[in-house]
Every structure is written in C-alpha cells, then in structure tokens.
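Structure first, commentary second.
Please treat every number below as a calculation from the coordinates, not as lab data. Being a predicted model, the structure only gives us computed values, none of them experimental. Note that each Cβ is placed from the backbone with ideal geometry, even for glycine, and that neighbours are counted across all protein chains shown.
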Ligand SMILES: [Zn+2]
C-alpha cells in the first residue's frame, strides 16, 4: 500500500465527497497486483495504419490497474463482501483458459456465488466510469451497496466472455453504432484475463458470442454452474470487437489497398 495516492472526489458508491482510495479493477487479489501493461489512448490506434506492424507506443505502466473511485469505507466493504466470491470465479476461469482464439469452452465451476459476483462486476463498472453514473444510474450503486438486494432493473444487462485479453480493455460508457443496420448499443466494457464483461443499458437480450449473465443477480448463495462460453480476443481497444489477429490484419491490409487503389 502507500504506493497509490488518495485523491479527493465523490465516491461512486456512497456518493460522499471525501478522499478516494485506489480501487484495483479487477481486484488486486485476482492477478492485478503487478500488471505490466501499455496504456495506449483510444485515438492512437486510429492514427496508425497498422497497429500490429507499428504498435502505438503507450506508456508502460506497472503495478495494479485501478482508479480512484471509492472512499476507504466502500473500498473495504467491497473487499470483504464480494471479492472472495469474485476470486473463486476468476480462478475457475483461469483454469480453463487456453492458448487459442475463438474457442467454445464447456465447463462447470463448483460452488460459486452468482449474486456476489454480479455485485463485484457492477462495482468495477462504477469504478471505471465517472461519477456521472451515480446521477444517471443510481440503481447500479444501490445494487452494489446493499448486499441483500437482488434488485437490478431489467434495462441493465451484463454479458461475459472468456479472454486472454491480448489487449486489456477498459472502455467507458459509449454508444457503439452497429454498422450492419442493427440497433446501436449503449455499453461499457472491461476485459482483463480471464474474463471480459459488457454492461449494456436499454439494449437487446442477446449479443453474438457473449453470455448474458444478468440472471446472476437472482442467485443468492453458492451453486455449481455449467457454462458454454466463448474465449474471444481483444486486439483493438474498441468495444464489442472480438476479431482474431488474422481477421484484424487482413481487414487492415484490405483497407490500405483500397485507399491506395483509389488514391485517397
Ligand atoms: Zn463511499
């Protein structure tokens, strides 16, 4: 401890204006105590013709990834109430993660606590998004701060996938246009091995390849859960983009050729 500064602000869980401690996202004990990662701005990917040939030079950072989001009291509340259950879920995911892209895993995790896991996941979305979430979506902080409640309005849906997180992904709330003519998706996304999560608001029940795990909110207590879950790749810092490395590279090549051919 002590490595991370406290800063003043509004706690995104209780709403108090106070000193905010550093909240690891995901929790420090779930393999996020000494993460080495390149922090690359979203736009830098697009300034670049081919991010694989000329990777954008992000600042290499070390230490856990996190945000000054919660007051000390809320931080330790999460740590004692939800993190142990979350850790078990993460350990199960790591055990089945493979060294391959786009694989459908079928597996069972024994004695997991879905409600607590869901509360921890929602707290991570509160942590990465600004305190505007408190005003816009107070139901989210209420769901997390009251450990008994199963009430999370139906407009909120949470999706999960397995991932090695080739690039870790922390995408703040945005509206992702669907270029294929479907509805735009109102979402925020976090990907850090072994899971990726998408929180959507007022969107459809299904997203291709992703598991809708919203019903975790209904299961208090421990149970054995069977899953069929895709392992997806996250090369680009774009929400809902799970193209494999080969797909991304060939599409980049295509667009470069198109630009050259048309003298753009
Ligand atoms: Zn607080």
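Key figures for this structure:
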read-out: Residue order, fewest to most surrounding Cβ atoms within 10 angstrom, among 24, 173; value: 173, 24
read-out: Rounded tilt (10° steps) of 114-128 against the dominant C-alpha axis of the chain; value: 60
read-out: In degrees, nearest ten, helix 83-96 long axis to first principal axis of the chain (Cα); value: 40
read-out: Acute angle (nearest 10 degrees) that the helix 72-81 long axis makes with the longest principal axis of the chain, alpha-carbon atoms; value: 90
read-out: Fluctuation leader among 182, 66, 130 - the chain, Gaussian network, Cα springs under 10 angstrom; value: 182
read-out: Separation in nanometres of the label points that stand 7 Å from Cα toward Cβ, at residue 76 and residue 206; value: 4.7
read-out: FRET efficiency, 1/(1 + (r/R0)^6) with R0 35 Å, evaluated for residue 246 and residue 110 via beta carbons; value: 0.50
read-out: Residue list for region 83-119, given a label point 7 angstrom along the Cα-to-Cβ vector of residue 226 and an amide N cut-off under 14 Å; value: 106-110
